1. State the number of residues belonging to the stretch 395-416 that are hydroxyl-bearing (Ser, Thr, Tyr) and more than 22 Å from the chain's Cα centre (by Cα).
2. As an exercise: evaluate residue 212 against (1) at pLDDT below 95; (2) closer than 18 Å to residue 273 by Cα; (3) among the hydrophobic types (A, V, I, L, M, F, W, C) and give the number of the one condition it does not meet.
3. Looking only at the stretch 382-394, count how many residues are part of a loop (DSSP other than H, G, I, E, B) and either within 21 Å of the chain's Cα centre (by Cα) or at pLDDT below 95 (or both).
4. Suppose we filter the stretch 120-160 for residues that are more than 16 Å from the ligand (Cβ to nearest atom) and either among the small types (Gly, Ala, Ser) or farther than 27 Å from residue 92 by Cα (or both); how many remain?
5. Please specify each residue of the stretch 377-423 satisfying the condition of being polar (S, T, N, Q) and more than 27 Å from residue 308 (Cα to Cα).
6. Which one of these is more than 16 Å from the ligand (Cβ to nearest atom), surrounded by 19 or more Cβ atoms within 10 Å (Cβ to Cβ) and in contact (Cβ under 8 Å) with a residue 40 or more places away in the chain: 189, 212?
7. Of all residues in the stretch 95-150, how many are within 22 Å of the chain's Cα centre (by Cα) and acidic (Asp, Glu)?
Amino acid sequence: MEELNFPKNFFWGSATSAHQVEGGNHNDWTEWEKENALRLAENARLNPPQEGFSDYNLKNYPSPLQKENYISGRACDHYNRFREDFDIAKSLGHNAHRFSIEWSRIEPEEGKFDEKEIEHYREVIKALRERGLEPFGTLWHWTIPLWMRDKGGAESREFPKYFSRFSKKMAESLPEIKFWMTLNEPTSVIANSYKRGLWPPQRKSILSALRVFKILASAHIEAYNAIHSVNLDAEVGFGNIMNFVEPYSKNPLTVLAAKFRNYWSNEYFLKLTGDTHDFYALQYYFHFKIAFPQKIKNKNKWTSDMGWEIYPEGIYPLLKRIGKYKKPIYITENGVADAKDIHREKFIKEHLKWVSKALQEGIDVRGYFYWSLLDNFEWDKGFWPRFGLVEIDYKTMERHIRPSAWKFKEIIQKSEELSKVAP
Ligand code: BGC
């Protein structure tokens, strides 16, 4: 494989989110999970992924066919084991880590901030710093406190006001964080909660989807300003999932349909947020080939356990596209569900090859965070998809480092050595 070239001081790490790893949460998702677990288990039996569930998934606890799989419960118990987990990240050569702060812990009742929980996140940041890991803090990774849900959640015109108040409080209380991410993947929530009606609050309505676009964009803008009002050194952005969209053929209708899809998934939200970005945070998972008016399914040559296509070269045009904004870029998520760890090493290397190419062509990429450090709770799919560099035994909570995590470490070390001798 050709040499990978990354600049000095590049951030290497992995990402997690509070609800997916902490355990013991109480928010809109936890309530929804309890109401929907049985249905989701039944749905998994009727509609397994393309290649079916592997033996690993069926034999390991919890299996996709059990209702326990769909209840986040104690998750990875990361709330209590974060130091152990950061020891692992350090041993894997990481120098940065992305995590999220659970709004429902900090503000369980409207306007009442829980100092004990703020202290918890101070400890998290301290533990990261002690291990030489730069913290990237996300303020909203999808879960909503129950009081905010009862006001209409992300559909409420008041969402930006409450969210920015929480963001300001966090920036004041946690000045040790320099890199803030306001929202995680707003367009994923718009698509899954409001367009497809799959996630809470399962409102399948284009009007609601359009409304939430605007509300979340205002939430980002207000939080961006609020953070800067208390921390002048902060660097603020939001986690943006971008899909590589291509037309299937040169047919003009197909080309138009692909443009339309590209606009809604990649351009519209960015447009609504204007210049409120100190950096761009790219999260890359999907490649879509669009055909119109007929429907053609992507011929997926390489797929994950979830049946998602793996298409590393798609990251390159997306980097080139956001490169035009001339701001630093961090890849804040990119990962694969691969329980047996047969794809992950190649997955990481191939994506990094394309990142390295973009860098050589002048795109200012400054970090790569693999999703995820740990196996975790994959939303409406529950625990069975295994994204972790580290495998979790959900019965014992033991952590087992997967071989690909050491391979990732080799890439990090090699690139750090190379960057030292670079002119
Ligand atoms: C989300 C994560 C999720 C991952 C894998 C991203 O869209 O930010 O929360 O687990 O993708 O689906």
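The values are calculated or read from the model by the stated rules, or taken from the named source; none is laboratory data. Predicted model only: the values in this text are computed from it and were never measured. Every residue, glycine as well, gets a Cβ built from its backbone with ideal geometry; the counts of neighbours run over all protein chains shown. Ligands, DNA and RNA are stripped out before the accessible areas are found, and what is left, the full protein with its side chains, is counted by its heavy atoms. Shrake-Rupley method; radii C 1.70, N 1.55, O 1.52, S 1.80 Å.
1. Count: 2.
2. The one condition residue 212 does not meet is (1).
3. Filtering the stretch 382-394 for residues part of a loop (DSSP other than H, G, I, E, B) gives 382-389, 394.
Within this subset, residues satisfying the condition of being either within 21 Å of the chain's Cα centre (by Cα) or at pLDDT below 95 (or both) are 382-389.
Number of matching residues: 8.
4. The first filter runs over the stretch 120-160 and keeps only residues more than 16 Å from the ligand (Cβ to nearest atom), leaving 120-135, 145-153, 155-160.
Filter again for either among the small types (Gly, Ala, Ser) or farther than 27 Å from residue 92 by Cα (or both), leaving 127, 132, 145-153, 155-160.
Total satisfying the criteria: 17.
5. At the first step, the residues of the stretch 377-423 found to be polar (S, T, N, Q) are 396, 404, 413, 415, 419.
396, 413, 415, 419 - these are the residues of the stretch 377-423 that are polar (S, T, N, Q) and more than 27 Å from residue 308 (Cα to Cα).
6. On the way: 189 fails: more than 16 Å from the ligand (Cβ to nearest atom).
That would be 212, the only listed residue that is more than 16 Å from the ligand (Cβ to nearest atom), surrounded by 19 or more Cβ atoms within 10 Å (Cβ to Cβ) and in contact (Cβ under 8 Å) with a residue 40 or more places away in the chain.
7. 2
Yes or no, residue by residue, for (1) open to solvent by less than 10 Å² (accessible area, probe 1.4 Å); (2) touching an Asp or Glu at 6+ places or on another chain (Cβ under 9 Å); (3) of a type in the set (Ser, Thr, Tyr); (4) at pLDDT 95 or above:
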residue	(1), (2), (3), (4)
96	yes, yes, no, yes
105	no, yes, no, yes
110	no, no, no, yes
116	no, no, no, yes
133	yes, no, no, yes
140	yes, no, no, yes
158	no, no, no, yes
164	no, yes, yes, yes
